[in-house]
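Trainee: Can you read through this structure? Questions will come right after.
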Amino acid sequence: MTNNKRGILDMNAFDARQQESISNPLLKRRTENIGAASVLFYKQPIEMVSASGCWMTDAAGIRYLDFYNNVPSVGHCHPRVSAAIAEQLATLNTNSRYLSDVTESYLEKLKSTLPSALKNVVMTCSGSEANDLAMRIAKTNTGAQGFIVTSTAYHGNTEYVTQVSPSAFKNATCPDYVVTVPAPSSAAFGQDIATGFNQAVTAAIALLKTRGYGIAALLCDSIFSSDGVFSGPAGFLKPAVETVQQAGGLYIADEVQPGFGRTGDCFWGFQRHNVVPDMVTMGKPMGNGYPVAALVVKPHLLASFCHDVGYFNTFGGTPAAAAAAMAVMQVIEQEGLQENAKKIGAYLKQQLTQLSETDPRIGEVRGAGLFIGLDLCDPITAEPSASLATQVINQLRDERILIGAAGPYGHTLKIRPPLCLNLEETDYFIEAIKKVLGRLPS
């Protein structure tokens, strides 16, 4: 069996090139308006018209349980977040060059969840912008240009950040100043993932030095989402982070995916590994769909960068952005969503693990909290099966469940529902995946 690697944008995507004609008028308009840059889920894209909690509703009135979308982290169209945004927009929304109690109150709230060494926050509109700025700060402070990322990482879509996002490439490769290491899996490193991953990072540092770039930073998402979701064992990341810092490089924790309580045990994914990053980036779930993101950084690193190059973001840190982000923090606390992620996530993982014991098409089940990866494999060879994953994803749609894929071959179901997921909804998903696997050839 031959497995071809698939880019993140090719997984479960509509492809207009495979259509002789497009009969859906709205889909035709989309294709004509956006062209080759249009990315839509499913062979037959869905027109969504409303959403609430963990559910989305299409134009035909069909409701879908959203088991994929981590952007509305506290639930689609949460009334408290929506009200906070509307009230602030109706009062004042301007650029960040004016004093704003709303913004400063949020930044103080955010910093209270982070290590005390991370005292400065730069607000942006997207995780891509935050990661781009973090990379620039790393280069300035280390005098080096080299970066280490995992082999199927995704960190954003600016020109600079795309270079450290191997999963975004269709027909290209990372430049010489970027060295990739395997995802922290048992397949790559056996049972001692901490040692194996550290050795891979050590070798990557040596290679970057040989190429004349040096080590600017290790940039990684602590749940390794695009690589296929690799969460354990807790603490495995620490030796690699220490190796990078001892070599003069920085550790940038990309928390766009695992942050804001999603992993259950901790508010931030990197906290599971008992490490203190030099910089933390965040985005998507931060505003529950409102475009707000941030870079949190040690003050001396930011000061060194700003000595030569200023940074200003018109829409980063506006009062409306801060109001949305503050409402998200309050909802997570007051509705106990981090604890819910821990409890419901543990139950979901347990049920999927039990299912894997009776179905050889399910490989590893990995994850923490409400971020789980489930490998789908050939039952005879145990090799990754992207075709099976595609079938399962599309048949789950028929069961009114939305889910996505990850990993180098697109064979890993990426399970990351809103943090408000309840037990009844979890059981609905479990029964649906049992039904789908039950009717597919084994």
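The values are calculated or read from the model by the stated rules, or taken from the named source; none is laboratory data. Small disclaimer: the values here were computed from a predicted structure and weren't measured. So basically every Cβ, Gly included, is an ideal-geometry build from the backbone, and we count neighbours across all protein chains shown. Just so you know, the surface numbers come from the protein's heavy atoms only, side chains and all, with ligands and any DNA or RNA stripped out. Shrake-Rupley method; radii C 1.70, N 1.55, O 1.52, S 1.80 Å.
Trainee: For semi-axes √(5λ) of the Cα gyration tensor in Å, the choices are (i) 32, 28, 22; (ii) 37, 30, 23; (iii) 36, 25, 18; which was calculated from the structure?
Mentor: Only one option fits the structure, namely (i).
Trainee: Keeping every protein chain in place, order Lys414, Lys28 by accessible area at 1.4 Å, biggest value first, i.e. largest first.
Mentor: Reading off the accessible areas and sorting them downward yields Lys28, Lys414.
Trainee: Of all the accessible heavy-atom surface of the chain, with the other protein chains kept in place and a 1.4 Å probe, what percent is carbon and sulfur?
Mentor: Numbers: 9330 of 18720 Å².
The nonpolar share, carbon plus sulfur, comes to 50 percent.
Trainee: Keeping all protein chains in place, calculate the accessible area per residue for the chain (probe 1.4 angstrom), answer in Å².
Mentor: Numbers: 18720 Å² over 442 residues.
The answer is 42 Å² per residue.
Trainee: Roughly how far apart, in whole Å, are the Cα centres of the range 139-168 and the range 176-234?
Mentor: Using only Cα atoms to place each centre, the spacing works out to 13 Å.
Trainee: Assuming a ≥ b ≥ c are the square roots of the Cα gyration tensor eigenvalues, decide whether the range 297-362 counts as rounded (a/c under 1.5), prolate (otherwise, with a/b larger than b/c) or oblate. Could the numbers behind the result be given before it?
Mentor: Details: a/c = 3.68, a/b = 2.09, b/c = 1.76.
Cα axes put the range 297-362 in the prolate bin.
Trainee: Where Lys and Arg each count +1 and Asp and Glu each count -1, what net charge lies around Ser385 among other residues with Cβ under 10 Å from its Cβ? Walk me through the intermediate numbers first.
Mentor: Values: positive: Arg361; negative: Asp375, Asp378, Glu383.
Charge balance near Ser385 sits at -2.
Trainee: Ignoring everything but the protein chains, give the 1.4 Å probe accessible area of Ile46 in square angstrom, nearest 10.
Mentor: Estimated to the nearest 10 Å², Ile46 gives 40 Å².
Trainee: For Arg397, what charge total do you get from the other residues with a beta carbon under 12 Å from its beta carbon, if Lys and Arg give +1 and Asp and Glu give -1?
Mentor: On the way: positive: Lys43, Arg400; negative: Asp58, Asp66, Asp398, Glu399.
In short, -2.
Trainee: Let me ask something else. With r as the distance between the Cβ atoms of His307 and Asp398 and R0 = 51 Å, compute the FRET efficiency 1/(1 + (r/R0)^6) and round to 0.05. Walk me through the intermediate numbers first.
Mentor: Working: r = 58 Å, r/R0 = 1.13.
That pair, Asp398 with His307, gives E of 0.35.
Trainee: From the gyration tensor of the Cα coordinates in the range 99-144, what semi-axes in whole Å does the equivalent ellipsoid have, largest first, with each one equal to sqrt(5λ)?
Mentor: Numbers: eigenvalues 108, 38, 16 Å².
For the range 99-144, the ellipsoid semi-axes come out as 23, 14, 9 Å.
Trainee: Hey, another quick one. Counting only protein chains, not ligands or nucleic acids, how are Arg136, Arg262, Arg211 ordered by accessible area (probe 1.4 Å), most first? Before the final figure, lay out the partial values.
Mentor: Details: Arg136 80, Arg262 5, Arg211 105 Å².
Of Arg136, Arg262, Arg211, the descending order of accessible area is Arg211, Arg136, Arg262.
Trainee: Moving to a separate point now. For a label point 7 Å from the Cα of Ser387 along Cα→C-beta, name the residues of the range 412-442 whose backbone N is under 14 Å from it.
Mentor: 441-442
Trainee: Could you sort Cys220, Cys125, Cys306 by accessible area so the largest value comes first, with the probe set to 1.4 Å? Spell out each step's value before the answer.
Mentor: Numbers: Cys220 0, Cys125 35, Cys306 65 Å².
Ranking Cys220, Cys125, Cys306 by accessible area, largest first, yields Cys306, Cys125, Cys220.
Trainee: Kindly report, to the nearest 10 Å², the accessible surface of Phe260 as traced by a 1.4 Å probe over protein heavy atoms only.
Mentor: Solvent-accessible area, nearest 10 Å²: 0 Å².
Trainee: Under a point spin-label approximation (7 Å from Cα along Cα-to-Cβ), what is the Thr314-Thr358 distance to one decimal in nm?
Mentor: So the two model labels end up 5.8 nm from each other.
Trainee: Okay, moving on. Put a dot 7 Å past each Cα toward the Cβ at Thr57 and Ser116; how far apart are the dots in nm?
Mentor: 5.0 nm
Trainee: Report the full-extension gain for the segment Ala188 to Thr91: residue separation times 0.36 nm, less the Cα-Cα distance, to one decimal in nm.
Mentor: Numbers: separation 97, 0.36 × 97 = 34.92 nm, distance 5.39 nm.
Full-extension gain reported as 29.5 nm.
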